[in-house]
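The structure appears right after this line, and notes come after that.
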Amino acid sequence: MKIKGSTNIVGLIGHPVEHSFSPPMHNAAFKALGMDYAYVAFDVDPSNLKSAIEGAKSLNIKGFNVTIPHKIEVMEFLDEIDPVASLIGAVNTIDFKNLKGYNTDGIGAVRSIEEVTSIKNKNVIVSGAGGASRAISCYLAKYGADSITILNRNVERAEKLAGDISDSGLIDDIKSDSISAINNYLGDADILVDTTPIGMHPHIDDEPIATFDNMHEDLVVFDAVYNPNETVLIKEAIKAGAKPVYGIKMLLYQGAESFKIWTGQDAPIDVMENALRQTLNLE
């Protein structure tokens, strides 16, 4: 890839960012399509967030992905927020054409799951009640899930999230409970979505939120953690004969959605997935 005077710059802002898998994925996509773009990661201290957005605008940067810890705070420096991002209360993609914020995390998860099963009319369990859970739950509701049960160690957080999604009017049947009650719900569930960091590198030997003996063969199990690729929960799902959906797919599809927002073009999914797999040493 040659950087020229005409090259369009997009990138990632977060703190830290050095372990991000996004630059190789996006740069492979631009190269494959012969597009004059480059994707760069910028480590932005929280105290510099406002000046980073203003500076990027002045430098004619075309778009940003936004990661921890900036996804919520960055919203106050944007001119417009997509309605779903507003409902989620967090932004992970900025388009500088109109300084608009989007959230592609939820669509990333939904597209991953829909490779295996339709979400429409399904009973879904979501573990965790943080930002990823909120983003994914909003999209599950939007895509026609019949019911969503949010489970969390801190039940009050689960109740608050369930209440917010219920207020959106996207879904009628949404409830909350403690994560310790998961086995009461697995029998009737069609899809299990884990948004907790359990099993994330280097804690690869964590106790999974559910074990194979409580899963059934028709269950679809999605884990948002993508490093390692085969988490403790995914291993249990495979042991149960259930259908696993890997976190790498969410990373892939949320990136593809950002790509389209910035460029107006469909992303080359295969190219991006190959780049991700190489970066994660999955080849």
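Table: residues versus (1) at pLDDT below 95; (2) not in a loop (DSSP other than H, G, I, E, B).
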site	(1), (2)
6	yes, no
10	no, yes
18	yes, no
29	no, yes
38	no, yes
52	no, yes
60	no, no
Study note, to complete from the structure: Checked against (1) buried (at least 20 other Cβ atoms within 10 Å of the Cβ); (2) more than 16 Å from residue 21 (Cα to Cα); (3) touching a strand residue (DSSP E or B) at 6+ places or on another chain (Cβ under 6 Å), residue 236 satisfies every condition except (3)
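So for the range 62-77 (the condition being farther than 21 Å from residue 279 by Cα and aromatic (Phe, Trp, Tyr)), does at least one residue qualify?
Within the range 62-77, one or more residues are farther than 21 Å from residue 279 by Cα and aromatic (Phe, Trp, Tyr).
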Study note, to complete from the structure: Considering residues that are surrounded by fewer than 17 Cβ atoms within 10 Å (Cβ to Cβ) and part of a helix (DSSP H, G or I), the number found within the range 40-50 is 4
Practice item. Of all residues in the range 185-214, count the ones that are in contact (Cβ under 8 Å) with a residue 12 or more places away in the chain, more than 13 Å from residue 234 (Cβ to Cβ) and surrounded by fewer than 21 Cβ atoms within 10 Å (Cβ to Cβ). Key: 11
Point to revise | residue 59 being hydrophobic (A, V, I, L, M, F, W, C) and exposed (fewer than 15 other Cβ atoms within 10 Å of the Cβ) | key: yes
Check your understanding: Going by the conditions given, is residue 95 surrounded by 18 or more Cβ atoms within 10 Å (Cβ to Cβ), acidic (Asp, Glu) and under 23 Å from residue 222 (Cβ atoms)?
Key -> no
Point to revise | Of the criteria (1) farther than 30 Å from residue 167 by Cα; (2) in a helix (DSSP H, G or I), which one residue 75 fails | key: (1)
Exercise for review: State which residue pairs qualify: first residue closer than 13 Å to residue 123 by Cα and modelled with pLDDT of 95 or more and inside the range 163-184, second residue of a type in the set (S, T, N, Q) and buried (at least 18 other Cβ atoms within 10 Å of the Cβ) in any location, beta carbons under 6 Å apart, and separation of 6 or more residues or different chains.
Suggested key: 173/147; 175/149
Revision key, fill the gap. When residue 89 is run through (1) touching a strand residue (DSSP E or B) at 6+ places or on another chain (Cβ under 9 Å); (2) surrounded by fewer than 23 Cβ atoms within 10 Å (Cβ to Cβ), the failure sits at (1)
Check your understanding: What number of residues within the range 239-266 satisfy the criterion of being within 22 Å of residue 96 (Cβ to Cβ) and surrounded by fewer than 24 Cβ atoms within 10 Å (Cβ to Cβ)?
Key -> 9
Point to revise | Options 107, 119; residue that is in a helix (DSSP H, G or I), among the aliphatic types (A, V, I, L, M) and closer than 30 Å to residue 171 by Cβ | key: 107
Exercise for review: Quick one: residue 100 ticks every box in (1) touching a residue at least 40 places away in the same chain (Cβ under 8 Å); (2) more than 23 Å from residue 222 (Cα to Cα) except a single one, so which number is it?
Suggested key: (1)
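The values are calculated or read from the model by the stated rules, or taken from the named source; none is laboratory data. Keep in mind it's a predicted model, so treat the numbers as computed, not measured. Here Cβ is always computed from backbone atoms with ideal geometry, including for glycine, and neighbour counts include all displayed protein chains.
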